[in-house]
Amino acid sequence: MSILVTGAAGGIGAAIVDQLVEQGHDVVAHDLRPTSTRSGVTPIVGDLLADGFAGPLGDALGDAPLEAVIAAHGVDGSGTIEDLDDAKVSRILQINTATVARLYQSLYELLERHGGTFVVIASQAGLYAEPKNAAYCASKSALVAWVKDTAPRAATRGVAVRVLCPGCTETPLLLAAHERFAAAEGRDFHEVLDARRRSIPIGRFADVTETAAAAVYLAARDHRPSVLAVTGGEVLG
């Protein structure tokens, strides 16, 4: 049985791959750039926006039963709507939302064949609007709504569709977003970052290994929630 992880070169995606391999899974690790070459990992490089990419992806999966897909890819979408042009907003929505639905459609039959799971990494921003983050919130809210719509129908065919809504996880993506927030406000980056950290009830950001563990938990074939918010108490699902 194999598990496909997209966004596998990112902070959370790489941690997911590591945990799956440590548990003995065979992993197909996809990203725009090369990923892990460790034993148990089959890397595949490609653009999920490209027409026809499902073919090479299917070839990489081969004949092994597909146990799960964890869609961990995505891009930052911080900024007010006024600061984002139409092309950038469209790209954020295409990458963060539309590619996930297309990935599911292309792999659904493989998952159905073996009663697999399809896990989407969204964000707490998909549950609660965040200031100066409208396009990102919209893309993640759409993912949560898509899962809520898709999960009941998929379950009748033996496929579990689930979404993880993590809180702030300390990744390069998070740090880059807060650098932009600080620049836009004319404030010190560390001041902005510390203020964000203090707004979380547990007083810290999640480590990538914690968020990855939640994703791996949702990928299990037995009973799991369809929507899981792991946010340090900042946002409740």
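Remarks
- Single unsatisfied condition, LEU49 versus (1) at pLDDT 90 or above; (2) over 19 Å from the mean Cα position of the chain (by Cα); (3) closer than 26 Å to ALA142 by Cβ; (4) not in a helix (DSSP H, G or I): (2)
- Checking ALA151 against (1) of a type outside the set (Asp, Glu); (2) closer than 23 Å to VAL208 by Cβ; (3) assigned to a helix (DSSP H, G or I), the condition it does not meet: (2)
- Test: residue in segment 103-120 that is under 30 Å from ALA184 (Cα atoms), of a type in the set (Val, Ile, Thr) and touching a strand residue (DSSP E or B) at 6+ places or on another chain (Cβ under 9 Å): no
- Qualifying residue in segment 74-84 (condition: free of Cβ contacts under 8 Å to residues at least 12 places away in the same chain and more than 27 Å from ASP18 (Cβ to Cβ)): yes
- Selection status of GLU234, under 13 Å from CYS165 (Cα atoms), surrounded by 16 or more Cβ atoms within 10 Å (Cβ to Cβ) and either modelled with pLDDT under 95 or of a type outside the set (Lys, Arg) (or both): no
- With respect to being out of contact with any Gly (no Cβ under 9 Å at 6 or more places or on another chain) and either among the small types (Gly, Ala, Ser) or at pLDDT below 95 (or both), GLY126 fits the description.
- Each residue in segment 83-126 was checked for being crowded, with 20+ Cβ neighbours inside 10 Å and not hydroxyl-bearing (Ser, Thr, Tyr), and 15 pass.
- Number of positions in segment 15-46 that are surrounded by fewer than 21 Cβ atoms within 10 Å (Cβ to Cβ) and either in a strand (DSSP E or B) or out of contact with any Asp or Glu (no Cβ under 9 Å at 6 or more places or on another chain) (or both): 16
The values are calculated or read from the model by the stated rules, or taken from the named source; none is laboratory data. All of these numbers come straight from a predicted model, not from anything done at the bench. Here the Cβ is made from the backbone with ideal geometry for all residues, glycine too, and neighbour counts use every protein chain on show.
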